[in-house]
Amino acid sequence: MLFHSYFFIQRESFLWGLVVYCFLPLVLSGLDLQPEKLHQERRKKIAKLILQLDSESWEKREEASQKLKNLLETHLKEVLPYLEKALVNSSAEVRWRIHNLLTFPLEKVVYLLAKKIAPSGGYGYYEGQFDDLKKIRYMAASSLIQILSNPDFFKQVQYPTSSSPYGEYLYKRKQKDYQLDYKIRYLALMAVGDLQIQEAKKVLIEIYKKDSSLQDTAATSLYKLGEKKYLLDLIGSLEKSLASHPSLGKRLRIYTDLAHLYRGIGNFDKTIEYYKKALVYSRDKILYYNLACAYCSAKKTKEALKALEKAVKYGYRDYNWMLMDRDLDYIKKNP
């Protein structure tokens, strides 16, 4: 019985397979589902809308701008090359409209960065932190550079209007966190490095030379952009200063700075080495937490859990940031 049932199933499956093989191409041929044809139609539409940006009718120009904006949100990779090409050989009106399409409002970029700060105020850096910005890299670049160029950038964030719905959220966050401006600039610094925004090099070098509080962060991003000299010089200078037998407080600071710098370029062995040296002088909860993150990046579960336990023991309570911090993903998945 089992053999006969199996034979019947096999025979029926064969017959259905034959029907599908013979007739499915005929069915599909009647449907407009061919991907290449869809791409061609969309490209024709994009080209037509770009031409419409130069229409004599203001209404048609506005209509084309809105439709291209919608296409950018859904088919960025297809639309972007056409817009970039049109920036070179088009009228001033078309270039102005395309520039507006390819520029995210400052408020929106500040908002996206602020959302990467925990409700408790905790912030930092982890791999993949700016994956959402990669999709709009070209459009966010000018706003990121604007944030870095102007320490008072927050004054340019408009109070909420019909065209800017982000101001209210940002002002509420700022009322609760007086360091919000600094944290957003720190995140913008890390973002331009991760997103490979080469145009940011000039302002990064300026920050490196003039702002000691962000010098190591600027050096890390410059390293990622191919300018390795600044970070290597900074590491060399810090390691050389250890030979002069600095005070305990200064030695602690140097070890911490070196750990941060090596973490920024992915040298986790050196990161762990210097965090452990820093912890000889201070059983600081943040140092233990950062050591746990470094162990996670090095895929050392046991050591990471031990360091995290000590961070909590010595007072670390920012559980909101722990949930956001993807550096800890390794022990979340491999407890």
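Where a number appears in this text, it was derived from the coordinates with a stated rule and is not lab data. These figures come from a predicted structure and were not determined experimentally. Glycine also receives a Cβ, built like all others from the backbone with ideal geometry; neighbour counts cover every protein chain displayed.
Over all directions, what mean area does the Cα convex hull of segment 190-266 project, stated in square nanometres?
4.9
Report the calculated FRET efficiency for residue 62 and residue 247 (r = Cβ-Cβ distance, R0 = 56 Å), to the nearest 0.05.
0.30
Provide the per-residue ³J(HN,Hα) series for segment 303-310, in order, calculated from phi with Karplus coefficients 6.51, -1.76, 1.60 and θ = phi - 60°, each as a whole number of Hz, with x at glycine and proline positions.
Karplus-based 3J(HN,Hα) across segment 303-310 equals 5, 5, 5, 5, 5, 5, 4, 5 Hz.
How big is D for segment 234-335, in µm² s⁻¹ as a whole number, if Stokes-Einstein is applied with the Kirkwood radius of its Cα pairs at 25 °C and 0.890 mPa s? Intermediate values should be presented prior to the final figure.
Numbers: Rh = 13.9 Å.
It diffuses with D of about 177 µm²/s by this estimate.
Divide by every residue of the chain the summed helix terms, -39500 (n - 2.57) for each DSSP H run of at least 4, and state the resulting mean residue ellipticity at 222 nm, rounded to the nearest 500 deg cm²/dmol.
On the way: 19 runs with 236 residues, N = 335.
After summing the helix terms and dividing by residue count, I get -22000 deg cm²/dmol.
Nearest 0.05, what FRET efficiency do residue 319 and residue 211 give at R0 = 30 Å with Cβ-Cβ as r? Can you show the working numbers first?
Details: r = 31 Å, r/R0 = 1.04.
Computed FRET efficiency for residue 319 and residue 211 comes out at 0.45.
Hey, what does the equivalent ellipsoid look like for segment 79-159, semi-axes from the Cα gyration tensor as sqrt of 5 times each eigenvalue, largest first, whole Å? Present the calculation step by step, with values, prior to reporting the outcome.
On the way: eigenvalues 163, 50, 17 Å².
Square roots of five times the eigenvalues give 29, 16, 9 Å.
Could you give the length gained on full extension between residue 174 and residue 95, defined as 0.36 nm per residue of separation minus the Cα-Cα distance, in nm? Could you put the intermediate results ahead of the total?
Details: separation 79, 0.36 × 79 = 28.44 nm, distance 3.56 nm.
Value of the extension gain: 24.9 nm.
What are the principal axis extents of the Cα atoms in segment 122-255, in Å, biggest first?
For segment 122-255, the Cα extents along the three principal axes come out at 59, 32, 26 Å.
Using θ = phi - 60° and the Karplus curve 6.51 cos²θ - 1.76 cosθ + 1.60, what whole-Hz ³J(HN,Hα) does each residue of segment 266-274 get, with Gly and Pro shown as x?
x, 8, 6, 4, 5, 4, 4, 4, 6
Taking the chain, how much of its Cα-Cα pair set, in percent, is spaced more than 28 angstrom apart?
Details: 32391 of 55945 pairs.
Beyond 28 Å sits 58 percent of the P(r) for the chain.
To check my understanding: the extent here is largest minus smallest coordinate of the Cα atoms along each principal axis. What are those three numbers for segment 40-102, in Å, largest first?
Largest to smallest, the principal-axis extents are 27, 22, 19 Å.
Using Cα-Cα distances under 8 Å and only pairs 6 or more residues apart, what relative contact order does the chain have, in percent? Let's see the in-between values first.
Values: 332 pairs, mean separation 37.1, N = 335.
It comes to 11 percent, rounded to a whole number.
Give the span of segment 105-149's Cα atoms along each principal axis, as three whole-Å numbers ordered largest to smallest.
29, 19, 16
For residue 69, give me every one of the lysines with a C-alpha distance below 23 angstrom, ignoring sequence neighbours fewer than eight places off in its own chain.
37, 44, 45, 48, 60, 77, 85, 108, 134, 135
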